[in-house]
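Shown next, in structure tokens, is the structure this report addresses.
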Amino acid sequence: MEQKITILIPALNPDEKLIILVSNLLENNFRNIIVVNDGSDLEHTKIFKQIETKVTLLTHATNLGKGRALKTGFNHYLNNNHTNIGIITLDADGQHTIADVQKLYTKLLQNPDHLILGVRNFDDKNIPFRSRFGNKLTKCIFSFLTGLQIQDTQTGLRAIPNCYIQKLLLIEGEKFDFEMNMLMHTKQENIIISEEKIETIYLEKNKSSHFNPLTDSLKIYAIFFKYIFSSILAFLVDILLYKLFFNLLIKNFAIYAITIATVLARVVSSFVNYKVNRNVVFKEATSSSIIKYYILCIIQMCISALCVSFIYSKINDTEVLIKIIVDTIIFFINYKIQQEWVFKK
């Protein structure tokens, strides 16, 4: 029986493994196959010619990135496939087995509104070090910054339900960052992520892969750099104003100068931070977020002032350094609270 699913394979300069993959899919009744040639060079044209009569072949005139190739496939699917339950994306390098594709298809049938991820085992010693290290590092950072516990954030084997595909066309990212943005966007759209263990295959030490787990991960986390920039900007405003107010107040208000300077500096810097976080980082438009934000600010401000005052009273020196240390600790805690409460969709 023909599978009610569409297979989507983005490909850049593929080798014969793509031909084998397509043949294996067809033999297992996966008839709806879209291959996107993402601007491959002329040397690899022969590969696509051997499969063009067996699949729907879409071609980019130049390399636009994996994210754009996936979106091209999604757009074609939405315009032409009205009875299928969704899309399964595969990499073109032969690292996904037909058995694993079938497992994701079965799980999508059981959970038609879930995003299903095929997750690999990175504890296997046969995995190249750069892939093992890069994936584990990305997993840990992603978990801390998003609150999503995902075993394999970089997997290319994904079963995407119909209810999510159209929304993916509007997500930022044209290259490998799109796949990470896809995962982060599930939280905003209340899309449930399910995981399915798959075979871990790295052919020829993964030399055919165009993804670098270290350098491309930095691009993937561009959205988190926005948060860091927002915090640094507000931090600099806060520290500069704090020092200014402290110098003006210390002669007349003594130890209370720390508390007063903290309050005045935080009023200005917090508003700067709120506007940037709301409009650039978390992109939350609800009016209630400002109330939650300032409740958090008041609590954070009190904790900061009390801690700095206490430590300063013990050593009576370097109040700015003390404040930097205290507020750095608060910074990490503050991110999670803003993400999970203040700007939560």
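The values are calculated or read from the model by the stated rules, or taken from the named source; none is laboratory data. It should be emphasised that the depicted structure is a prediction, and the values quoted were computed from it without experimental measurement. Counting neighbours? That spans all protein chains shown, and the Cβs are built from the backbone with ideal geometry, glycine included.
Does LYS46 satisfy being in the same structural domain as ILE191 (by TED's automatic domain parsing), outside any helix (DSSP H, G or I) and surrounded by fewer than 18 Cβ atoms within 10 Å (Cβ to Cβ)?
Here the answer is no, as LYS46 does not meet what is asked.
Residue check, THR286 against (1) touching a Ser or Thr at 6+ places or on another chain (Cβ under 9 Å); (2) part of a loop (DSSP other than H, G, I, E, B); (3) of a type in the set (Val, Ile, Thr), all met but one. Which one?
The failed condition is (1).
Whether any residue in segment 306-317 is over 34 Å from the mean Cα position of the chain (by Cα), at pLDDT below 85, of a type in the set (Asp, Glu) and not assigned by TED's automatic domain parsing to the domain that holds ILE171 is what I want to check.
Checked against the condition, which is being over 34 Å from the mean Cα position of the chain (by Cα), at pLDDT below 85, of a type in the set (Asp, Glu) and not assigned by TED's automatic domain parsing to the domain that holds ILE171, segment 306-317 yields at least one hit.
Evaluate the following for ARG120: is it among the basic types (Lys, Arg) and either farther than 19 Å from GLU195 by Cβ or at pLDDT 90 or above (or both)?
no
Given the conditions (1) of a type outside the set (A, V, I, L, M, F, W, C); (2) surrounded by 14 or more Cβ atoms within 10 Å (Cβ to Cβ); (3) more than 16 Å from VAL326 (Cα to Cα), report the number of the one that LYS283 does not fulfil.
Going through the list (1) of a type outside the set (A, V, I, L, M, F, W, C); (2) surrounded by 14 or more Cβ atoms within 10 Å (Cβ to Cβ); (3) more than 16 Å from VAL326 (Cα to Cα), LYS283 breaks only (2).
Out of segment 1-43, which residues are over 18 Å from THR72 (Cβ atoms), outside any helix (DSSP H, G or I) and in contact with a Gly (Cβ under 8 Å, 6 or more places away or on another chain)?
Matches in segment 1-43: ILE5 only.
Counting only residues that are within 22 Å of TYR105 (Cβ to Cβ) and surrounded by 14 or more Cβ atoms within 10 Å (Cβ to Cβ), how many does segment 29-43 have?
7
Quick check on LYS275: is it more than 30 Å from PHE142 (Cβ to Cβ) and either without any contact (Cβ under 8 Å) to a residue 24 or more places away in the chain or assigned to a helix (DSSP H, G or I) (or both)?
no
In the list PHE225, PHE245, which residue meets the criterion of being loosely packed, with under 15 Cβ neighbours inside 10 Å and either assigned to a helix (DSSP H, G or I) or at pLDDT 85 or above (or both)?
PHE225
In segment 69-99, how many residues are charged (D, E, K, R), over 16 Å from LYS17 (Cα atoms) and modelled with pLDDT under 95?
Number of matching residues: 0.
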